[in-house]
1. Give all pairs with beta carbons closer than 9 Å in which a residue from the range 45-69 that is in a helix (DSSP H, G or I) meets a residue that is modelled with pLDDT under 95 and open to solvent by 100 Å² or more (accessible area, probe 1.4 Å); count only pairs at least 6 apart in sequence or on separate chains.
2. Which of (1) in a helix (DSSP H, G or I); (2) open to solvent by 90 Å² or more (accessible area, probe 1.4 Å); (3) not basic (Lys, Arg) is the odd one out, the single condition THR9 does not satisfy?
3. Looking at the range 49-68, which of the residues that are over 22 Å from THR10 (Cβ atoms) and surrounded by 13 or more Cβ atoms within 10 Å (Cβ to Cβ) is nearest to the chain's Cα centre (by Cα)?
4. Here is a list of conditions, (1) assigned to a helix (DSSP H, G or I); (2) loosely packed, with under 11 Cβ neighbours inside 10 Å, and THR82 meets all of them except one; can you say which number that is?
5. What is the residue count in the range 28-47 for residues that are under 18 Å from ALA86 (Cβ atoms) and exposed (fewer than 13 other Cβ atoms within 10 Å of the Cβ)?
Amino acid sequence: MAASRLPPTTLTLKQFMRRQQVLLLYRRILQAIRQVPNDSDRRYLKDWAREEFRRNKSATEEDTIRMMITQGNMQLKELEKTLALAKA
């Protein structure tokens with residue numbers, strides 16, 4: 001059997017799609033954080049988001065990644081609701 005020509009770090013389609021979901025979530029969280037009016041709160045939230053994504057960077061189990069994406073989306077919705085209430 002011939003050896004694969006692909007490098008060992010090539011992502012499968014499923015992994016690629018998950019990676020895109022994670023990157024989109026990260027960008028949406030940072031966009032929402034930019035709307036926080038208080039500078040220190042904004043800085044705290046930005047550092048928190050970066051650290052959370054950095055801390056979970058090495059996760060490889062599909063179910064774990066899917067759960068983290070779901071939790072991240074829920075936290076994003078909470079942040080957006082809070083910002084909407086603050087503007088009202």
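The values are calculated or read from the model by the stated rules, or taken from the named source; none is laboratory data. From a predicted model like this one, the values you see are computed outputs, not experimental measurements. Glycine gets a Cβ as well: all are built from the backbone with ideal geometry, and neighbour counts include every protein chain shown. Accessible surface areas use protein heavy atoms only, side chains included; no ligands, DNA or RNA. Shrake-Rupley method; radii C 1.70, N 1.55, O 1.52, S 1.80 Å.
1. Pairs that qualify, where the first residue is in a helix (DSSP H, G or I) and the partner is modelled with pLDDT under 95 and open to solvent by 100 Å² or more (accessible area, probe 1.4 Å), are GLU62/LYS14.
2. (1)
3. The extreme case among them is PHE53.
4. Going through (1) assigned to a helix (DSSP H, G or I); (2) loosely packed, with under 11 Cβ neighbours inside 10 Å one by one, THR82 breaks only (2).
5. 8
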